[in-house]
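My structure is below; once you've seen it, I'll send some questions.
The values are calculated or read from the model by the stated rules, or taken from the named source; none is laboratory data. Being a predicted model, the structure only gives us computed values, none of them experimental. Here the Cβ is made from the backbone with ideal geometry for all residues, glycine too, and neighbour counts use every protein chain on show.
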């Protein structure tokens, strides 16, 4: 008994350092591309690929100054466009997905199970399968080259993943809260705004954070619907930046790409606790 206990204790003492080593190696592998891009943004173009050292031998800030106006439009315009699209998508997803999730989790209506199954099936539907009908529809109403195709669908609860996430969370809330609210004279709408939404803050925070991150880095849909340079978001602007300056101007491209990552990093650091809490609570509730 004592021997087995000592063996188990010895294996446990070795497992933690080994786990830490694996995590450190994984972190280095994931951070290396970012560190390399940071180094390349301060190198002259002729030394980016010829010199593999992370510490640049010649430091230059020309990549940032020339890259900021490389398209003829200040990159602040593209930052502002991305921010508008992200804020619209976040507000739309939080409001619409929470309302639909509340209906599936708490209300009783005809064909509820069938509608819920149809909603879940849309998660498996690739976006590329519906982009052509969407483009034809938005073109017919004159929304191409505007932010409306990227924002308006979010107010129609088109992201089934977030609906399912909130449904799981709301289902775990005690039904006694609904009964108490009904005794106090609350209807379904009042119950949603006064009871469900305040308690569903972790799920709402998770939806908002993931929507912001995914929308900020979205390239395909923004490339399809935005053709005017004045309405470009950051991913589309970076793609146009490469096309306009040629393949030799990688330094400016890396500099602007690094600046485009700063808001995401800051956003993640500020809301890391809410993100972790939201994932843990929604993942453990049945």
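Does residue 117 meet the test of being part of a helix (DSSP H, G or I), under 20 Å from residue 162 (Cα atoms), modelled with pLDDT of 90 or more and in contact with a helix residue (DSSP H, G or I) (Cβ under 8 Å, 6 or more places away or on another chain)? Lay out the reasoning, then the answer.
Working: part of a helix (DSSP H, G or I): yes; under 20 Å from residue 162 (Cα atoms): yes; modelled with pLDDT of 90 or more: yes; in contact with a helix residue (DSSP H, G or I) (Cβ under 8 Å, 6 or more places away or on another chain): no.
No, not satisfied.
Let me ask you something else. For the range 161-204, what are the residues that are free of Cβ contacts under 8 Å to residues at least 12 places away in the same chain and either surrounded by 16 or more Cβ atoms within 10 Å (Cβ to Cβ) or in a loop (DSSP other than H, G, I, E, B) (or both)?
Once the filter is applied, which keeps residues that are free of Cβ contacts under 8 Å to residues at least 12 places away in the same chain and either surrounded by 16 or more Cβ atoms within 10 Å (Cβ to Cβ) or in a loop (DSSP other than H, G, I, E, B) (or both), the range 161-204 yields 174, 175, 184, 185, 186, 187.
Quickly run through the range 136-160 and pick out the residues that are surrounded by 14 or more Cβ atoms within 10 Å (Cβ to Cβ) and either under 30 Å from residue 108 (Cα atoms) or at pLDDT below 90 (or both).
Within the range 136-160, 151, 152, 153, 154, 155, 157, 158, 159, 160 meet the criteria.
Could you run through the range 96-114 and say how many residues are in a helix (DSSP H, G or I) and either farther than 11 Å from residue 162 by Cβ or at pLDDT below 90 (or both)?
At the first step, the residues of the range 96-114 found to be in a helix (DSSP H, G or I) are 96-106, 112-114.
Then drop every residue that is not either farther than 11 Å from residue 162 by Cβ or at pLDDT below 90 (or both), which leaves 99, 102-106, 112-114.
So the count comes out to 9.
Would you mind telling me which numbered condition in (1) in the same structural domain as residue 209 (by TED's automatic domain parsing); (2) part of a loop (DSSP other than H, G, I, E, B); (3) at negative phi residue 87 fails?
Failed condition: (2).
Let me ask you something else. How many residues does the range 250-273 hold that are modelled with pLDDT under 85, under 14 Å from the mean Cα position of the chain (by Cα) and crowded, with 16+ Cβ neighbours inside 10 Å?
The total comes to 2.
Moving on to the next point. Starting from residues that are assigned to a helix (DSSP H, G or I) and in contact (Cβ under 8 Å) with a residue 60 or more places away in the chain, keep the ones in the range 29-47 and report whichever is surrounded by the fewest Cβ atoms within 10 Å (Cβ to Cβ). Talk me through it step by step, then tell me what you get.
Taking the range 29-47 first, the residues assigned to a helix (DSSP H, G or I) are 29-40, 45-47.
Filter again for in contact (Cβ under 8 Å) with a residue 60 or more places away in the chain, leaving 34, 37-38, 40, 45.
Working: 34: 13, 37: 16, 38: 16, 40: 23, 45: 17.
Among them, the one singled out is 34.
Report whether or not residue 155 is part of a helix (DSSP H, G or I), closer than 18 Å to residue 92 by Cα and either touching a residue at least 60 places away in the same chain (Cβ under 8 Å) or touching a strand residue (DSSP E or B) at 6+ places or on another chain (Cβ under 7 Å) (or both).
Judged against the criteria, residue 155 is a match.
Looking at 18, 23, which one is modelled with pLDDT of 80 or more, assigned to a helix (DSSP H, G or I), over 25 Å from the mean Cα position of the chain (by Cα) and more than 21 Å from residue 217 (Cβ to Cβ)?
Details: 23 fails: over 25 Å from the mean Cα position of the chain (by Cα).
That would be 18, the only listed residue that is modelled with pLDDT of 80 or more, assigned to a helix (DSSP H, G or I), over 25 Å from the mean Cα position of the chain (by Cα) and more than 21 Å from residue 217 (Cβ to Cβ).
Run down 233, 207 and say which single residue is surrounded by 13 or more Cβ atoms within 10 Å (Cβ to Cβ), over 26 Å from residue 68 (Cβ atoms) and modelled with pLDDT of 90 or more.
Working: 233 fails: over 26 Å from residue 68 (Cβ atoms).
Result of the check over 233, 207: 207.
If you don't mind, there's one more thing I want to ask. Based on this model, can you work out whether residue 136 counts as in a helix (DSSP H, G or I), assigned by TED's automatic domain parsing to the domain that holds residue 196 and over 30 Å from residue 193 (Cα atoms)?
Numbers: in a helix (DSSP H, G or I): yes; assigned by TED's automatic domain parsing to the domain that holds residue 196: yes; over 30 Å from residue 193 (Cα atoms): yes.
Yes.
Taking residue 67, is it closer than 21 Å to residue 249 by Cβ and surrounded by 17 or more Cβ atoms within 10 Å (Cβ to Cβ)?
Details: closer than 21 Å to residue 249 by Cβ: yes; surrounded by 17 or more Cβ atoms within 10 Å (Cβ to Cβ): yes.
Criteria met by residue 67.
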